[in-house]
Structures are given as C-alpha cells and as structure tokens.
Amino acid sequence: MGEFEEKEPFQRIEVEEAKALIEKGFKVVDVREPAEWEQGRIPNATHIPLNTLLARAQELITEDNIIFVCAEGMRSAVACEVAAAVGRTNLYNLEGGTVAWAKANNPLER
C-alpha cells in the first residue's frame, strides 16, 4: 500500500533549520489566533490567522519560500497544504511551532 503514498507538498523542519532559512530571507507566517500572537511570536513574522488564510489564500499567499508557524505545528501544516493548493512552492512547517522555538531559547517579539 505504502508505495503510492502522496508526498506532502511541504517540508517539516526543526527550529535550527528554520533559523537558517530565516537568515536566508525566508518569510515566516504565523497562523495562530490574535490572542496567541500577542503572547509572543518569532521576530519579523507576518500574522495571518488560519481562518483568514483559508478564506483568502490566493490573495494573501503570493510568494514562495514560506515557513508556516502555529503553537505546535498542526494548524501550520494545514496552512502549508492550502498554500500548495494555490500554487506556492518551497513551503515549510515548523514542527513544534512557537513552543519549540521558545524552548530552544530563541527570542520572541511581543
């Protein structure tokens, strides 16, 4: 059965890899709710709550090379799928999300 498994249209990455991509200029899109966003976010991230993204993906996701982030990596995986569906490429999901980012002693913007 496993032979025909569809490959996800994005890559799952850990915090260190995300940091390297951010240094290369990749954009970070945080899809958490506003209250979560207010509690702290990856510096220079763009905030697009998942429901907004789902409703207006074609209009809001206009470039490639994006790292999607949420609290732990579930909603951002959905966001990656949606971005791929509107034709975007080089999409990444931060596994463990903002929680993993903070646990690795990386800065959060407030």
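For the chain, the equivalent ellipsoid derived from the Cα gyration tensor has semi-axes of 21, 17, 13 Å, listed largest first. When +1 charges are put on Lys and Arg Cβ atoms and -1 charges on Asp and Glu Cβ atoms, the dipole computed for the range 7-103 relative to its Cα centre reaches about 80 debye. Beta bridges per DSSP, both residues in the chain: antiparallel share near 10 percent.
Each Cα pair under 8 Å and six or more residues apart adds its sequence gap; the mean of these over the residue count of the range 52-110 is a relative contact order of 36 percent. Ordering 74-81, 101-108 by mean Cβ neighbour count within 10 Å, with the highest value first, yields 74-81, 101-108.
Take each peptide in 58-65, 47-54, count the other Cβ atoms within 10 Å of every residue, and average; sorted highest first, the result is 47-54, 58-65.
Using helices alone, I'd like the mean residue ellipticity at 222 nm for the chain: each DSSP H run of four-plus residues gives -39500 (n - 2.57), total over residue count, nearest 500.
Rounded to the nearest 500, it is -11000 deg cm²/dmol.
Throughout, read-outs are computed from the coordinates displayed, never taken from laboratory work. What you are looking at is a predicted structure, and each value in this text was computed from that prediction instead of being measured. Note that each Cβ is placed from the backbone with ideal geometry, even for glycine, and that neighbours are counted across all protein chains shown.
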